[in-house]
Amino acid sequence: MRIGIGFDAHQLVEGRSLILGGVTIPHKKGLLGHSDADVLTHTIMDALLGALALGSIGDFFPDTDSKYKDISSLTLLDTVTDTIKSKGYCIANIDSVIVAQKPKLQPYITDIRQTLAHRMNINIDQVGVKATTTEKLGYEGEELGISAKAVVLLNTL
């Protein structure tokens with residue numbers, strides 16, 4: 001078994017879609033980034049890569065490479081999932097938390113879990129996603145950005 005942890009944060013800005021776990025969330029602001037800035041999917045990818053000491057998504061998908069400009073993070077997740085399998089591992093489970101003051105994310109959690117599970121070809125009960133606020137503390141609480149944390153457990157195939 002191998003365990004990995006991931007963290008990511010992105011700034012909220014006008015004129016961008018808010019995408020979390022591959023699901024577009026209605027909101028007046030979205031996350032700024034080279035790709036679609038899906039902070040949750042980025043966090044999960046980093047945890048998966050970290051579990052096998054393969055580096056980070058920045059190593060795999062550098063923001064200096066124009067082919068990743070505005071790319072869907074789910075497409076990047078496909079590559080990471082294939083890499084994990086090619087190394088002889090499968091995902092046992094993922095647990096994650098999204099930290100955002102607004103919007104309220106609870107209505108979207110099931111869709112996010114289903115989208116991620118489908119994309120990684122695992123069962124929904126292997127994907128934990130929670131959302132919390134910081135009670136208006138810090139950049140998340142001031143609605144300047146959103147962060148996410150994740151831990152994964154991998155087993156050998």
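Read the figures in this text as sums done on the coordinates, not as results from a lab. The model shown is predicted, which means the values in this text are computed figures rather than measured ones. Positions of Cβ are backbone-derived with ideal geometry, glycine not excepted, and every protein chain shown enters the neighbour counts.
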- Message: Under 8 Å between Cβ atoms, which residue pairs at least 6 apart in sequence (or on different chains) link something in region 114-127 that is under 15 Å from VAL80 (Cβ atoms) with a partner that is among the charged types (D, E, K, R) and buried (at least 20 other Cβ atoms within 10 Å of the Cβ)?
- Response: VAL127/ARG113
- Query: Restricted to region 73-107, and to residues that are in a loop (DSSP other than H, G, I, E, B) and without any contact (Cβ under 8 Å) to a residue 60 or more places away in the chain, which residue is surrounded by the fewest Cβ atoms within 10 Å (Cβ to Cβ)?
  - Reply: LYS104
- Message: Can you say whether THR115 is farther than 11 Å from SER96 by Cα, of a type in the set (S, T, N, Q) and surrounded by fewer than 15 Cβ atoms within 10 Å (Cβ to Cβ), as far as the supplied structure shows?
- Response: no
- Task: Tell me which residues, restricted to region 137-157, are part of a loop (DSSP other than H, G, I, E, B) and under 25 Å from LEU116 (Cβ atoms).
- Result: GLU143, LEU157
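Residues checked against (1) part of a loop (DSSP other than H, G, I, E, B); (2) within 11 Å of the chain's Cα centre (by Cα); (3) polar (S, T, N, Q); (4) more than 24 Å from ILE91 (Cβ to Cβ):
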residue	(1), (2), (3), (4)
ASP8	no, yes, no, no
GLN11	no, no, yes, yes
ARG16	yes, no, no, yes
SER35	yes, no, yes, no
THR41	no, yes, yes, no
GLY50	no, no, no, no
THR64	yes, no, yes, yes
LYS67	no, no, no, yes
ILE71	yes, no, no, no
